[in-house]
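Data block below; observations after.
Coordinate-derived values only; no laboratory data. As the structure is a prediction and not an experimental result, all values here were calculated from the model. So basically every Cβ, Gly included, is an ideal-geometry build from the backbone, and we count neighbours across all protein chains shown.
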């Protein structure tokens, strides 16, 4: 039983460490929440659902693999493949969002302003309305893209931890390890995103609003590059 307790402690520790050391687990949510004007509640829900999908996919793969008698080497190889796949997905998403951000920047940089006294009153009143970039984002595509990316993203450290309780024929041990690791991972993701979201809300970007989408795209691109080329 001592071995299981140590495994439970390891699951909690590794869940926290592997998340906090991987900026791709929280950076995309922080920058997109700022660029797309997500509320704190929306940001945390998107992070939570994506985190559950991220951990849940590895749990299912690990448990099904163990139940079918697939060797650890094959399971780890499959998780490595998934890691490379999600790196390319995040990299591609970063490129596309950077292009989108560049388009938004160019579009916002071609406004022509007449002197205020020459502008009719009705038009002056319209100028005080929120611009397209300042409106709260109500689209559902971006959250779904993030969710799919995280579902494909593996938790490489989880499956080896499931092998020991499986070897001991301890279903309780397997479920507990998976739950502890999942709670630690998702909680750390949400904590990091919450701190980042609240931190960026204190910074006034009003004069640099037109750069936000471009900045978000570049940071997501950096996250994807980190997975592919730096092994984040």
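The table below lists the values:
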quantity: Separation of the residue 73 and residue 201 label points, Cα + 7 Å toward Cβ, nm; calculated: 5.1 nm
quantity: Over the range 36-78 - Rg/Rh using Cα atoms and the Kirkwood inverse-distance radius; calculated: 1.27
quantity: Residue-span extension gain [residue 42 to residue 103] - 0.36 nm each, minus C-alpha spacing; calculated: 19.4 nm
quantity: Additional length obtainable on full extension of the chain from residue 60 to residue 168, 0.36 nm per residue less Cα span; calculated: 37.0 nm
quantity: Separation of the residue 144 and residue 80 label points, Cα + 7 Å toward Cβ, nm; calculated: 3.4 nm
quantity: For the range 1-100, convex hull volume per residue from C-alpha positions, Å³; calculated: 126 Å³
quantity: Extension gain from residue 95 to residue 175, taking 0.36 nm per residue of separation minus the Cα-Cα distance; calculated: 25.0 nm
